[in-house]
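Scroll down for the structure; my scribbles are underneath it.
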Amino acid sequence: MRYALDDTIAAIATPVGEGGIGIVRLSGPDSLSILRRIFRPARGGGPDWNPRPRFLTYGHVVDPQTGQVIDEVLAVYLRAPFTYTRQDMAEIHTHGGFVPLRVVLTLVLAQGARLAEPGEMTLRAFLNGRLDLAQAEAVLDVVRARTEAGLQAALQQLGGHLSNEIQEARQRVLNVLAHLTALIDFPEDDVPPQDIVPELEQVARHLEDLLSRADRGILLREGVRVAIVGRPNVGKSSLLNRLLRHDRAIVTEIPGTTRDVLEETLNVRGIPVVVVDTAGIRHTDDVVERIGVERSRAAIAQADLVLLVLDASQELTSEDEAIAAQVEGRPAIVVLNKTDLPTRLTPENVPLLPEAPRVSLSAATGEGVEQLEEAIFELVTGGTVMPTHGALITNPRHKAAIQQALQHVRAAQETYRAGLPADFVTVDLHAAVNRLGEITGETVTEDLLEAIFSRFCIGK
Ligand SMILES: Nc1nc2c(ncn2[C@@H]2O[C@H](COP(=O)(O)OP(=O)(O)OP(=O)(O)O)[C@@H](O)[C@H]2O)c(=O)[nH]1
Ligand SMILES: [Mg+2]
């Protein structure tokens, strides 16, 4: 990634494909002059065209070399610093097809703009102080949100909730540091006494509070993987379809119908749940089925939660037992399917996975499916409700930084209590300040920026 800020970058900001409109976006000092060269407003154009910032103007994109009309568009100029990147920007709203977008972009690049890297617009917003790092990451979380609850959490972070709390904690540590530094630098002067213990204790409590809700927040953002496993024909694919409320997987009475691993995302009370339907596990000589069975085993290993499906209308088989043995030790729910038929298995008489909750249901009628969703939610959240106040940590990077900052604050408290010299205490406090600064971006390496912004889409 290049960190040049003084050139003008451009990219297609809308997704590839057909749509009502598509947008080519520019950011940088030449945005307006490039727009002037290629855009001919329907009225009052020419090189002196002076668009009113933030107002759309109707007209045409014209190739200045050939005079050929490229597309009929709306164009807008956005004047620095009141823009996303805090630079001059322009947008050209073309017809939403791949060719008009590509031709307009090519023309913009021919006028001297450089093709933007992924996330480079947001990187500029960050480097120009429009957003801090946690807010910049929230932009991507908003785009990628898979549930409304996830979107809400991302919007809160974008609005600066998390940043404010982190800044507050960081400022408190900085105040303590300033006091200790004064003691070290001017030992003979009268530095007013300050009890740093309660101040650091408050910071530590605050960080602990944030951490206590982090796993919940990370769930909202990242979701969980749930693998549906069981021997052939017990109704795994029927259950997937039921959970999705549409027929995604092929269901037949032939054992071995599903031969590959299927993935779909569900919303279980705000948590994105990726459900994986697998091939029924059994010994088989069929090459394709055997590969499917291997993948099922891998799906168990990768899942956060396993649904072990049994056919309640039949006695347990050695295959059921063998599969249960593979699931042993992992978070799991035992699903007794086909309760619309006369049943032989009940939640009480199934000895497999004794620790796991049991849910009886019928994938055929839908009876009991809500209880399964309930059980999934309970298991992944520990049953507690989503916090509605205070900032929510949704990002493992932030969680790790807070954990480390907390350790340093705790270590500083220990050192201070032990009566060691002040500069021993300040080492840890400096480290805590730096860790907190990594969240909002005060202390940040180029590698970290690269890692964060390269995950963005081009044009964002
Ligand atoms: N009566 C009844 N039949 C069901 C139920 N769930 C599934 N079935 C039937 O059981 C058969 C197998 O269903 P599938 O969903 O294909 O089973 P599977 O576990 O995915 O099977 P494989 O892909 O072969 O491993 C089909 O004939 C379904 O209609 C149920 O709740 N009640
Ligand atoms: Mg199946």
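The values are calculated or read from the model by the stated rules, or taken from the named source; none is laboratory data. All figures in this text were calculated on a predicted structure; none of them were measured in a lab. Cβ placement follows ideal geometry from the backbone for every residue including glycine, while neighbour counts extend to all protein chains displayed.
Structural remarks
- Listed by position, the strands (runs of 3 or more DSSP E) inside the stretch 241-357 whose residues that are surrounded by fewer than 16 Cβ atoms within 10 Å (Cβ to Cβ) number at least 2 are 262-268.
- Candidates Tyr84, Tyr58 - the one that is more than 32 Å from the chain's Cα centre (by Cα), modelled with pLDDT of 95 or more and not β-branched (Val, Ile, Thr): Tyr58
- Within the stretch 62-77, residues that are closer than 13 Å to Val108 by Cβ and free of Cβ contacts under 8 Å to residues at least 60 places away in the same chain have Cβ atoms under 9 Å from residues that are assigned to a strand (DSSP E or B) and among the small types (Gly, Ala, Ser) in these pairs: Val73/Gly59; Ala75/Gly59; Ala75/Ala90, counting only partners at least 6 apart in sequence or on another chain.
- Yes/no for Leu155 being in the same structural domain as Gln413 (by TED's automatic domain parsing) and surrounded by 15 or more Cβ atoms within 10 Å (Cβ to Cβ): no
- In the stretch 246-261, the residues that are within 28 Å of Asp215 (Cβ to Cβ) and either at pLDDT 85 or above or acidic (Asp, Glu) (or both): none
- Any hit, the stretch 244-254, residues being in contact (Cβ under 8 Å) with a residue 24 or more places away in the chain and over 30 Å from Val142 (Cβ atoms): yes
- When restricted to residues that are part of a strand (DSSP E or B) and away from ligand 1 (no atom under 12 Å from the Cβ), the stretch 220-240 contains 4.
- Across the stretch 258-277, the qualifying residues are those that are closer than 23 Å to Ser360 by Cβ and near ligand 2 (Cβ under 9 Å from one of its atoms), and the one among them that is nearest to the chain's Cα centre (by Cα) is Asp277.
- Scan of the stretch 304-343 for residues that are among the β-branched types (Val, Ile, Thr), away from ligand 2 (no atom under 16 Å from the Cβ) and under 18 Å from Ser237 (Cα atoms), ordered by number: Ile333, Val334, Thr339
- Selection over the stretch 295-326 of residues that are within 28 Å of the chain's Cα centre (by Cα) and farther than 21 Å from Ser362 by Cα gives a count of 10.
- Residue check for Leu310: touching an Asp or Glu at 6+ places or on another chain (Cβ under 9 Å) and hydrophobic (A, V, I, L, M, F, W, C): yes
Okay, residues lined up against (1) without any contact (Cβ under 8 Å) to a residue 40 or more places away in the chain; (2) basic (Lys, Arg); (3) assigned to a loop (DSSP other than H, G, I, E, B):
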residue: Ile21; (1), (2), (3): no, no, no
residue: Val24; (1), (2), (3): no, no, no
residue: Phe55; (1), (2), (3): yes, no, yes
residue: Ile92; (1), (2), (3): no, no, no
residue: Gly112; (1), (2), (3): no, no, yes
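- Single unsatisfied condition, Thr252 versus (1) within 24 Å of Gly368 (Cα to Cα); (2) under 33 Å from the mean Cα position of the chain (by Cα); (3) within 16 Å of ligand 2 (Cβ to nearest atom): (2)
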